[in-house]
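What follows is a set of notes on a single structure, which appears directly below.
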Amino acid sequence: MGKRSDFPRMKNEYYRTFDPRAGAALKPLLQHYGVKSYCEPCVGLKDLVGQLKAFGLICSALYDINPRRPGIPYADARLLQAADLNGASDIITNPPWLRMILHSLIDVLAGLAPTFLLFEADWKHTKQSAPFMDYCTDVVSVGRLKFMPCTTQDAKENCAWYRFDKRRAGCSTIFHGRVA
């Protein structure tokens, strides 16, 4: 999944968000912004949905490009429209990290609603991040997470939650340290 690995990538960039440290790191920012409902456009097996439900959040809509459970509608998140959010105030997901997909997701989703995305922390230091950092309101350091359920090892990449909101273009980005 990362630049320090030679493992083949999972189909559709499917890496589960079952590590509770992912949700724990995001919780203070969700509280700060008063998030109550969200859309999860890359839902996988609903791992992140479970973490956010424990915080009292309501998942108003969920989708996946490769649904793995009955009742999860098919949708390419890059084609979502405002009506697909089903009234959700925000978007929260662990998206595919492949640049071609990630960058188009940032562009589309941040135009629909404030969007929280979990991916590698180093991205913000690259040239390719420049057009998106203009509307990146917050970055929350997470550290290394487990993405493979059958291992005891954390991934080799540090992660961060990024909050993008095109309505806030030109904003200063606030950087938040690790919670614990």
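The values are calculated or read from the model by the stated rules, or taken from the named source; none is laboratory data. Everything numeric in this text was worked out from a predicted model, so none of it was measured. Methodologically, a virtual Cβ is constructed for each residue, glycine included, from the backbone with ideal geometry; neighbour enumeration extends over all protein chains shown.
Here ASP90 fulfils each of the conditions (1) in contact with a Cys (Cβ under 8 Å, 6 or more places away or on another chain); (2) acidic (Asp, Glu); (3) surrounded by fewer than 19 Cβ atoms within 10 Å (Cβ to Cβ) apart from (3). Here the condition is being over 19 Å from ARG21 (Cβ atoms) and modelled with pLDDT of 95 or more; of ILE65, ILE92, ILE58, it holds for ILE58 alone.
Determine whether GLN51 is out of contact with any Phe, Trp or Tyr (no Cβ under 8 Å at 6 or more places or on another chain) and modelled with pLDDT of 95 or more. Taking the combined requirement at face value, the residue does not satisfy it. For the range 156-180, a residue qualifies if it is modelled with pLDDT of 90 or more, in contact with a Ser or Thr (Cβ under 7 Å, 6 or more places away or on another chain) and among the basic types (Lys, Arg), and the qualifying residues are ARG163, ARG168. Note on the range 107-125: residues that are among the hydrophobic types (A, V, I, L, M, F, W, C), under 17 Å from ASP138 (Cβ atoms) and out of contact with any Pro (no Cβ under 8 Å at 6 or more places or on another chain) total 5. Here the helices (runs of 4 or more DSSP H) wholly within the range 38-144 that include at least 2 residues being more than 22 Å from ALA169 (Cβ to Cβ) and not aliphatic (A, V, I, L, M) are 47-53.
Among the residues making up the range 3-26, those that are out of contact with any Ser or Thr (no Cβ under 9 Å at 6 or more places or on another chain), surrounded by 17 or more Cβ atoms within 10 Å (Cβ to Cβ) and either under 14 Å from TRP161 (Cα atoms) or modelled with pLDDT of 65 or more (or both) are ASP19, ARG21, ALA22, LEU26.
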